[in-house]
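FYI, it's all coordinate maths here, none of it is from the lab. Everything numeric here is computed off the predicted structure, so don't read it as measured data. Cβ coordinates were reconstructed from backbone atoms using ideal geometry, including for glycine residues, and neighbour counts include every protein chain displayed.
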Amino acid sequence: MPKEAPKKKKIWSWIGGLGVGLINGLLGAGGGMLAVPLLNASGLPTHKAHATSLAIIFPLSVLSAGLYLFQDRMSLGDALPYLPLGIVGALVGTWVLPRIQAKWLRRIFGVFLLWAAWRLMFQ
């Protein structure tokens, strides 16, 4: 039975990866909303789950953006105005993450999820 547990965990990781990729491709970087809870459920501490989620989402976002760009569904000109301050925000977030308590990180993430759900449903 001990060999089944790692195999089952691997299967759930693959299913989770498929779900994260699908959500990310459909909603932009929304796959992180699924990745963080999945990583927490797999035993990663909150801070590590958030950081690992970024490491998962980055290549998926690059791939999705490349495909949308290749299919002429977007242009780099549309994204360029957001990149400079987006990079600044990423640097600040990377600096803040290890300095914030896990309890507050979960609360902030929860509020963000509720806000995102509200916008998706009613706007």
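Remarks
- Candidates Ala65, Ala35, Ala49, ranked by Gaussian network fluctuation over the chain, Cα under 10 Å, top entry: Ala65
- When the Gaussian network model of the chain links Cα atoms closer than 10 Å, the mean-square fluctuations of Pro81, Pro37, Pro98 top out at Pro81.
- Mean Kyte hydropathy of -0.5 or more with a Cα span along the axis of at least 24 Å, helices from DSSP in the chain: 4-27, 46-70, 102-122
- Springs between Cα atoms under 10 Å define the GNM used for the chain, and in it the highest mean-square fluctuation of Ile100, Ile56, Ile87 occurs at Ile87.
- Rounded to the nearest 0.05, the FRET efficiency derived from the C-beta distance between Ile100 and Ala41 at R0 = 25 Å is 0.75.
- Along the chain, longest interval not containing exposed trypsin sites (Lys or Arg not before Pro), exposed being DSSP loop plus at most 10 other Cβ atoms within 10 Å: 4-72
- The Cα-based radius of gyration and maximum Cα-Cα distance (Dmax) for region 11-82 are 13.5, 40 Å.
- Calculated log₁₀ intensity ratio I(q)/I(0) where the Debye formula runs over C-alpha points of the chain, q = 0.16 Å⁻¹: -0.94
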